[in-house]
Structures are given as structure tokens and as C-alpha cells.
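Note sheet for the following structure.
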Amino acid sequence: MYGFAFVSTKNLSRSFIISFLLFHFFVCGPVTLLSKTDSLPLLPKPGQKIAVFAEGCFWCSEHIFESIPGVIDVISGYAGGHTENPTYDSVNTETTGHAESVYIVYDPSKISYAELCRIFFLSHDPTTKDRQGPDIGSSYRSILFYSDELEFKIANQIKEEIQSKKVWNGKIVTEFQTLRHFYQAEGYHQNFIQKNPTQSYVLAVSIPRYNDFKTRYKTYNEVLKGNQGNK
């Protein structure tokens, strides 16, 4: 665990939320938001596919991917660890191996896996190890989860593309892991920005990150189109 000096503004704000929920639990009785996390099925429904990424705060990631045409649903949760049924509190100890992640259900006829990987590498800084902005720790590390060898090949191609365009300063340190489990996060984490648009972390970190991504993504696509036109 990192010391108090390295606790992120996100964790501080969430500590208040968790304290409130615990108070409610003991004074008013059980609340559904504290229920155990669930492992989601990794087989998509017919006509749909799934992708799972870890790129720092899942509030931010969920908000970004939900804005993408062709994405059907985004669920915040935990992946990449070695314990069963992780919770937000246990993941925050940095001992379970899990990272805050998003489970993306998408329509492959409207958006490709390659494009989702491109969005992944453009929507966070993949060159910072165990950190995204003010959030520090292994639970905020960059991980691309793949389901088969084809996805692994596609993801590596996009990684090399992003690296060659020098979008970020430094070398990409994203981990590549086979997708084995995804645990849905507690209820209060789902659609957090939509439900809490004026929350302090959302205003200070999430919304600026979303706006930065939109600008970066638009610029990158213009560069790609320009390069294709010059061929």
C-alpha cells in the first residue's frame, strides 16, 4: 500500500462515499450497494462481442466508451487479479492483483475490435506504470485483455501504430493479459459520472480527461485519413 501522501483525490472522495454507506448500513439496515461483486459471463450474446480494458479510473473509462457509436453497454469492474470476488476496498489495498477495468459490449458490425483498441490507447496515458493522473497504484495500471490469438495480434498492431505516431512521450508499458475473469463492481460505481455530474473528482479529473480524449481522438483520425490520402 502507498502512504497517505500518495492517496489520490479519487480515493479521498470515495472514502467519504463508503463511510456514508457504512453509516447507513449500521443505522438504517443493509443497502444493496454493498452487495458482493459478480463475475460476468465472458461469452457474448449472438451478434455482440466483448472487450475488456483497464486504464485507470473506471468512472472515466466507462464514460468515454459509452460515448462511442457501436458500443452497446459498458460495465465497471475488476480484472487481472488472483483473488475471487474482489471488492472496491480489497482492490484498493493493491494486494489482489486486480485493476479497475471496463467490460464493453459492442456491435462488431458498427465498430471493430481494432478501433476499440485504438480508443483504449488514446483515452489514457499507456506510458505511465501503475498510475493515471492523480491515481497511483497497481489497481490503476494499463492492461489490454484479449480473448484469443486474433485479438492479441490486432491489439499488438494497434499498439505499434500508436507508438510509431508518438502520441505519447515515452514507451507504452501496457500489459497484455488473457481475459479469464471479470467481476462487476459495486452498484454505486456503475454510470457514476451520469449519476454524479457535480462530484468533485468527476469535475476535476473525469470530465477534463474525457474532453482531452475527444480532442486527441479527432486529431488522430485526421492524421490517419491524411496519411491514407497520401498513399
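Summary of values
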read-out	value
Subset tally (residues that are on the phi > 0 side of the Ramachandran plot and touching a residue at least 60 places away in the same chain (Cβ under 8 Å)) for the stretch 78-107	3
Scope the stretch 112-164; condition open to solvent by 50 Å² or more (accessible area, probe 1.4 Å) and aromatic (F, W, Y); matching residues	F152
One residue from S206, S138 being touching a Gly at 6+ places or on another chain (Cβ under 8 Å) and modelled with pLDDT of 95 or more	S138
Subset tally (residues that are assigned to a strand (DSSP E or B) and at pLDDT 95 or above) for the stretch 22-63	7
P69 open to solvent by 50 Å² or more (accessible area, probe 1.4 Å), of a type outside the set (K, R) and modelled with pLDDT under 95	no
Scan of the stretch 164-180 for residues that are over 15 Å from the mean Cα position of the chain (by Cα) and over 18 Å from Q132 (Cα atoms), ordered by number	S164, K165, K166, T178, R180
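The values are calculated or read from the model by the stated rules, or taken from the named source; none is laboratory data. Being a predicted model, the structure only gives us computed values, none of them experimental. Ideal geometry is used to build each Cβ from the backbone, glycine not excepted, and the neighbour counts take in all protein chains shown. To get the accessible areas, we keep the full protein, side chains included, count just its heavy atoms, and leave off ligands, DNA and RNA. Shrake-Rupley method; radii C 1.70, N 1.55, O 1.52, S 1.80 Å.
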